[in-house]
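The structure appears below as structure tokens.
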Amino acid sequence: MRTGALPIVPMKRSHIPACDAIVAVSEPWKTLRERIDFLKYLSLKQAYVCISDGGPAGFIIFTPDPVFARGGYIRAVGVAPAMRRLGIGTRLIGFAESETARRSPNLYLCVSSFNRQGLNFYKECGYIRVGKIPGLIHPDASEHILWKRLPRGKT
């Protein structure tokens, strides 16, 4: 499958059930027993999906405007289990980076210390750990603050 040909489009209400299903089986939400209020991010125009033949293959929620230390913020990324390791997560991150680089020179995200796959994925995408907040979401875990400087004017 050529994931480069899969479009990334603004999320619609009709995409929410598939995105909810991704969250239900993915970290950190599975461990934390949390869900995402997709409607909230839909109304803020901060939610996007990567579409395959069967519907959403993955989603990303981010704000490209500078909200912290002159940078945008990635709130959540998820890829359907059957679509993992095909480059969809990397494409979604690249999309967020391109959109953010037009407004902000930096992009941040937090990832839970127990989410080893997530930590490795973001490291492969070029993010570095710049901080840690112990017990922010879960008393036995830390949230790692990750950062990436974006190329100026990336489009």
> Which condition number does Tyr73 fail, the rest of (1) buried (at least 20 other Cβ atoms within 10 Å of the Cβ); (2) in contact (Cβ under 8 Å) with a residue 40 or more places away in the chain being met?
Replying inline: (2)
>> Anything in the range 85-109 that is of a type outside the set (Lys, Arg) and in a loop (DSSP other than H, G, I, E, B)? List them, or say none.
In response: Leu86, Gly87, Ser104, Pro105
> Counting only residues that are in a helix (DSSP H, G or I) and either more than 14 Å from Val77 (Cα to Cα) or not acidic (Asp, Glu) (or both), how many does the range 1-56 have?
Replying inline: 24
>> Restricting to the range 113-149, count the residues that are at pLDDT below 90 and either in contact with a Gly (Cβ under 9 Å, 6 or more places away or on another chain) or among the aliphatic types (A, V, I, L, M) (or both).
In response: 1
> What number goes with the only condition from (1) at pLDDT 95 or above; (2) not polar (S, T, N, Q); (3) not in a helix (DSSP H, G or I) that Arg152 does not pass?
Replying inline: (1)
> Are there any pairs with C-beta distances below 6 angstrom linking a residue in the range 2-28 that is within 19 Å of Leu44 (Cα to Cα) to a residue that is in a helix (DSSP H, G or I) and at pLDDT 95 or above, with the two at least 6 apart or on different chains, and if so which?
Replying inline: Ile8/Phe95; Ile16/Phe38; Cys19/Phe38
> Can we say Ala21 is in contact with a Ser or Thr (Cβ under 9 Å, 6 or more places away or on another chain) and either crowded, with 21+ Cβ neighbours inside 10 Å or farther than 26 Å from Ile128 by Cβ (or both)?
Replying inline: no
> Which residue, of Ser104, Ser98, Ser14, is more than 16 Å from the chain's Cα centre (by Cα) and surrounded by fewer than 19 Cβ atoms within 10 Å (Cβ to Cβ)?
Replying inline: Ser14
> Which of the residues belonging to the range 110-143 are hydrophobic (A, V, I, L, M, F, W, C), in a strand (DSSP E or B), closer than 16 Å to Arg75 by Cβ and without any contact (Cβ under 8 Å) to a residue 40 or more places away in the chain?
Replying inline: Cys110, Ile133
>> I need a count of the residues in the range 84-96 that are modelled with pLDDT of 95 or more, out of contact with any helix residue (DSSP H, G or I) (no Cβ under 7 Å at 6 or more places or on another chain) and over 14 Å from Ala47 (Cα atoms).
In response: 2
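The values are calculated or read from the model by the stated rules, or taken from the named source; none is laboratory data. Here the structure is a predicted model, which is why all the values come from computation and not from measurement. Note: ideal-geometry Cβ built from the backbone for every residue, glycine included; neighbour counts use all protein chains shown.
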